[in-house]
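Here's the structure we're looking at; comments come further down.
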């Protein structure tokens with residue numbers, strides 16, 4: 001679902017959409033690193049290389065978009081993502097937001113994706 005909404009920063013994303021995207025993304029990042037080692041395209045002594053860098057470049061926008069939509073589901077602005085820059089506390093708070101169930105019903109960012117209510121936004 002996240003790749004279908006490649007650069008869509010509006011609306012809301014359920015926990016399931018966010019975490020499934022993260023799981024598949026992790027799988028493909030590991031696969032890209034393995035392919036780099038098989039093809040010998042690693043960067044010096046690093047365990048990753050060209051395939052990894054190309055994959056990350058191709059998925060950075062959908063990763064940001066699904067993250068912003070996940071924050072929207074908890075009625076938080078996408079700007080909350082910058083909390084990751086606060087050492088220790090920021091990433092922990094973001095993890096809590098990502099694990100928190102989204103707002104039931106319509107919030108300021110659209111209808112509840114879990115229940116498919118019509119959007120008034």
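For helix 89-99, report the angle its Cα long axis makes with the longest principal axis of the Cα atoms of the chain; keep it between 0 and 90° and round to the nearest 10°.
Long axis of 89-99 versus the principal axis of the chain: about 70 degrees.
Viscosity 1.002 mPa s, temperature 20 °C: what is the translational diffusion coefficient of the chain from Stokes-Einstein with a Kirkwood Rh over Cα pairs, rounded to a whole number of µm²/s?
Answer, rounded: 137 µm²/s.
Determine the relative contact order of the range 15-99: mean sequence separation of Cα pairs under 8 Å and six or more apart, normalised by residue count, in whole percent.
22 percent
Taking the Cα atoms only, what angle lies between the long axis of helix 15-39 and the longest principal axis of the chain, rounded to 10 degrees?
10 degrees
Between residue 75 and residue 7, with labels modelled 7 Å along Cα→Cβ, what's the label distance in nm to one decimal, could you check?
If labels sit at residue 75 and residue 7, their model points lie 3.2 nm apart.
How long is the gain from residue 114 to residue 45 if the chain were fully straight, where each residue apart is worth 0.36 nm and the alpha carbon distance is subtracted?
In short, 20.3 nm is gained.
Relative to the longest principal axis of the chain, what angle (0 to 90°, nearest 10) does the C-alpha long axis of helix 50-73 take?
10 degrees
Quick note: the coordinates plus some simple rules give every number you see, no bench work behind them. Just so it is clear, the model here is predicted, and its values are computed rather than measured. Note that we place each Cβ from the backbone using ideal geometry, even for glycine, and neighbour counts take in every protein chain shown.
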